[in-house]
Structure formats: C-alpha cells, structure tokens
Amino acid sequence: MNRMLVIALALVLTLSLTACTATTGNGISNDDEENPASTPAYMPGGQRAGYLSGRLDPQGSVTRSEASAILHRFAENVAKGRQGWVQNDAGQWQYINTEGQAVTGWLTTPEGNKYWFDENGFQVCGKWVQIEDKWYYFDEDGKLAVNATIDGYKVGADGAWK
C-alpha cells in the first residue's frame, strides 16, 4: 500500500503541474471562465483536442476538473482495491486483476467468455485481431466470436478463423 501511496502522490504532482502549465498563457484554467482561449477545442468526431483515441495526451491541455476526476478515480480504485471491470471516460474497458494491474492478453471469465486486451490493457471490441499466427474476431462487447461466420469468414470453436 505504501508503494501505491507514492504512486498516487506522484500522480497528484504530475497532474497539478500539467493542469497549470498545459493550459492558457497565464497557466491557470478554470472550467467556468468565460475566456475563449481556455475553452477546450474539439476535433471532428467530438474528441477533445489533447486526447488521442480517448487517452490523455500529456503534452495536450487538461482542465482542473479533468485532472481532479482522473485523480479521484485513481485514488478510489487504489483505496478500495478495485478489481474486475473498469471503464474509463472514453468508454474503453479494462480488467483489473488481484494485484491491481490491468490485464493484457487473454482473459477467460468464470462463465467461459474469452476476451483480449491490448498491450495497454484495453479491451479489443468489434474487430479482427491477429494473435500469434491466427486471426480472431471480437464482437462489439469484446467477446471472442466462436462457431460463427463473421464478414463471410468462419471461425471455429476456438475462435480462430478457419
């Protein structure tokens, strides 16, 4: 737990500095300010500028409320020892194991459903993924498709494209 406290404090300091220096010219951004320069820019598709694929860009801008929300969620997860499914603000899912780490690679639930998590621990949904020498399809909920035909391709009981 001491290690987690150190990580949390480091995160607080990092986010505090980011929130103050990565905003407008005076270095301070209040969400309710009527300053157009501090208003977040949106990119096509409704994503915030400073975010890449729904992930915070450390070189981008962040408001104090966003930093506070990130820190609050992190502290809540650490303090409560959260495990299991966790969804971020971008709608991406992770599965936190008993050591408090995001799962990467395969996860099989007690119900027998199989999921794949990328190298950053985010669940793969709605697409084909090549794992080693085989191709697998994960549906919109992230479950491995088995014994089905997807996009005209058949997948077997193991979920691999035949």
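The values are calculated or read from the model by the stated rules, or taken from the named source; none is laboratory data. Remember, it's a predicted structure, so these values are computed and weren't measured experimentally. SASA here: full protein model, heavy atoms, side chains in, ligands and nucleic acids out. Shrake-Rupley method; radii C 1.70, N 1.55, O 1.52, S 1.80 Å.
Roughly speaking, to the nearest percent, how much of segment 70-162's 1.4 Å accessible area is carbon and sulfur?
Its accessible area is 47 percent carbon and sulfur atoms.
The alpha-carbon of residue 162 sits under 30 angstrom from the alpha-carbons of these lysines, leaving out residues fewer than 8 places away in its chain: 114, 127, 134, 143, 154.
Put simply, the amide H of residue 160, placed in the peptide plane, has no neighbours under 5 Å, leaving out anything fewer than 5 places away on its chain.
Working note: Karplus 6.51/-1.76/1.60 with θ = phi - 60° gives segment 145-162 the couplings 6, 10, 6, 9, 10, 10, 6, x, 10, 8, 10, x, 5, 8, x, 7, 5, 7 Hz, where Gly and Pro are set to x.
Taking 0.36 nm per residue of sequence separation and removing the Cα-Cα distance, the residue 102/residue 131 pair yields an extension gain of 8.6 nm.
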